[in-house]
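What follows is a short report on a single structure.
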Amino acid sequence: MHHVFESLTPDVVLDALESVGLRGDGRLTALSSYENRVYQVQLEDGSAVVAKFYRPERWSEAQILEEHRFAQELMDAEIPVIGPLHLCGATLHPFGGFAFSVSPRRGGRPPELDDGEVLEWIGRFLARIHSVGAKRAFAVRPTLNLATFAQEPKDWLLAHDMVPLDVQSAWSRACDEAMALIARHPALTGDKSPIRLLRLHGDCHPGNILWTPLDAATSVGPGPHFVDLDDARMGPAVQDLWMLLSGDRHQRTRQLGALVDGYEQFREFDREELALIEPLRTLRLIHYSAWLARRWSDPTFPTNFPWFGSSDYWQGQVQMLVEQCEAMQEDPLVV
């Protein structure tokens, strides 16, 4: 079956850039991205840009533009976020049946998350992102909650027979038990809660943070630069912190302490949100399976995720959900 991205050839990419006044010299490199198609393109003037072609029908034009406006707000506040360029009076452009944006190229490496000073530095910038994010709510982008990240994905997977019959009952039961525990947290159900929801990066894992040294020519760096606001949505602040934690409980507590130390130099962090870390991890686990299933017609997915969909995969998901149910009943991390 033909997939829409198969028509996004190098010539189409270069023609799209030329339509907004950027002439490529013929060199382009596909960058790591499963959800969209992203290319680094060398221009005739010797500079380089990053062109992002959005997956059709994932976000509406209004939702993409709302993300772009959020990125611009952050950049206007001198926060190191890499947002789209304004070209021909716009940040989002149509070409060949696709919508695309163009951003400046920024190099960098993953941050050293075992370094407390690096974590503190990241925490300071996350607080600044959240200070801007708290000024107003998204109007059209969704909220991270039980309905959008667990109930709807679960229902979709079952309705489309994506879970093998020999595992289906166990997986569905484990999902229900996990969702019942998540439902104890009003901040994740849409019920009244003292925990405030705000505009987030939404997918703040180490791969979306570029650590750069000081560039004397551009005055960029040193420190973190945040990329890929594609998953920006409403949610609790801790969503942008927990994916930076790894290791055993002691290691995660130490990492979280460094992040919060930096965070609170600019913005108060509500300790009540620490109880949301394991529920948020569980939501991501359920949502991830549905994300893979929904993208399976894209040839990139079977190639890069060959293990997905087997009974062994789903048995593994059952075990992880059981473990998450146990984790959600433990005392939260303390900082």
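Every number in this text was worked out from the coordinates using simple rules, so none of it is lab data. All figures in this text were calculated on a predicted structure; none of them were measured in a lab. Reconstructed Cβ throughout: ideal geometry from the backbone, glycine too, with neighbour counts over all protein chains shown.
Remarks
- Over the Cα atoms of the chain, the radius of gyration divided by the Kirkwood radius equals 0.97; this is the Rg/Rh ratio.
- For the chain, the residue among 257, 50, 282 whose Cα projects farthest onto the positive side of the dipole built from Cβ charges is 50.
- A convex hull fitted to the Cα coordinates of the stretch 151-269 yields 176 cubic angstrom per residue.
- Each residue of the stretch 20-36 was assigned a 3J(HN,Hα) from its phi angle through the Karplus curve 6.51 cos²θ - 1.76 cosθ + 1.60 (θ = phi - 60°); the sequence is 10, x, 10, 9, x, 8, x, 9, 9, 10, 6, 9, 5, 6, 9, 5, 10 Hz, with glycine and proline shown as x.
- Charges were assigned to the Cβ only: +1 to each Lys and Arg, -1 to each Asp and Glu. The resulting dipole of the chain about its Cα centre is roughly 480 debye.
- HN-Hα J in Hz across the stretch 307-317 - Karplus 6.51, -1.76, 1.60, θ = phi - 60°, x for Gly and Pro: 7, 6, x, 6, 4, 4, 4, 6, 4, x, 5
- Between the residues 237, 169, 329, the greatest Cα displacement towards the positive end of the dipole of the chain, with unit charges on the Cβ of Lys, Arg, Asp and Glu, is found for 237.
- Neighbour counts of other Cβ atoms within 10 Å put 120, 152, 6 in the fewest-to-most order 6, 152, 120.
- Nearest-20 debye value, the stretch 2-128 charge dipole, Cβ charges on Lys, Arg, Asp, Glu: 140 debye
- When peptides 307-315, 250-258 are ranked by their average number of other Cβ atoms within 10 Å per residue, the highest-first order is 250-258, 307-315.
- Of the trypsin sites (Lys or Arg not before Pro) in the stretch 130-186, those whose Cβ has at most 12 other Cβ within 10 Å and which sit in DSSP loop: 135, 136, 184
- Over the stretch 116-328, Cα pairs under 8 Å with separation of 6+ residues give a relative contact order of 34 percent.
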